[in-house]
1. Straight distance only, please: which aspartates and glutamates reach the Cα of LYS90 with their own Cα at less than 18 Å, same-chain residues fewer than 8 apart left out?
2. When only C-alpha pairs under 8 Å and at least 6 residues apart count, what is the relative contact order of the chain, in percent?
3. What whole-number volume per residue, in cubic angstrom, does the convex hull of the C-alpha atoms of the stretch 32-71 give?
4. Divide by every residue of the chain the summed helix terms, -39500 (n - 2.57) for each DSSP H run of at least 4, and state the resulting mean residue ellipticity at 222 nm, rounded to the nearest 500 deg cm²/dmol.
5. Eigenvalues of the Cα gyration tensor times 5, then square-rooted: what semi-axes does that give for the chain, in whole angstrom, largest first?
6. Excluding residues on the same chain fewer than 8 positions from LYS34, give the lysines whose Cα lies under 24 Å from its Cα.
7. Sorted by packing (mean other beta-carbon atoms within 10 Å per residue), highest first, where do 41-47, 15-21 land?
8. Could you pull the Cα extents of the stretch 6-66 along its three principal axes, largest to smallest, in whole Å?
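No value in this document is a laboratory result; all are computed from the given coordinates. These numbers come from a predicted model, not from an experiment. Here the Cβ positions follow ideal geometry from the backbone for every residue, glycine too, while neighbour counts run over all protein chains shown.
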Amino acid sequence: MVLITVNGQNFIGMAKSEIPAALKTSFPQFKPDKGTTNHAFNYLKFVDKISEQTLLFFLSDRDICTYVRWISDYSNLSDMTAMLNKNYHKAGAGTWIYTDKGEDYTVKLDEGEWYFTVSFRKN
């Protein structure tokens, strides 16, 4: 199960160089994946092959995380929904909100045909 805050630190706003260490400490099952690259975006990709999960950290031109996307197999949907309901305020169908250090964030869960995606964005 992935919680997009680490020890109270939100990944959004974190420097590219800090993300791997923070993720390794809190979620050692996620490993960097450099096998496929999309040159249209500046991002870091991590995978957990056991649970079929992928974390994408999208970065600004200054290598600061601006957006997080978590992609997972449907076998993890009930755990993810329970985590979202526990940690964030439900704001509608497939939408949660939270505040971290005075900043507001939106969490959206989108169900695709083969997998679901959870997106974390600053408002």
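1. ASP79, ASP100, GLU103, ASP104, ASP110, GLU111
2. 20 percent
3. 67 Å³
4. Result for the chain: -4500 deg cm²/dmol, rounded to the nearest 500.
5. The answer is 20, 18, 14 Å, longest axis first.
6. Those lysines meeting the cut-off are LYS16, LYS24, LYS45, LYS49.
7. Most protected by this proxy first, the peptides run 41-47, 15-21.
8. 32, 30, 14
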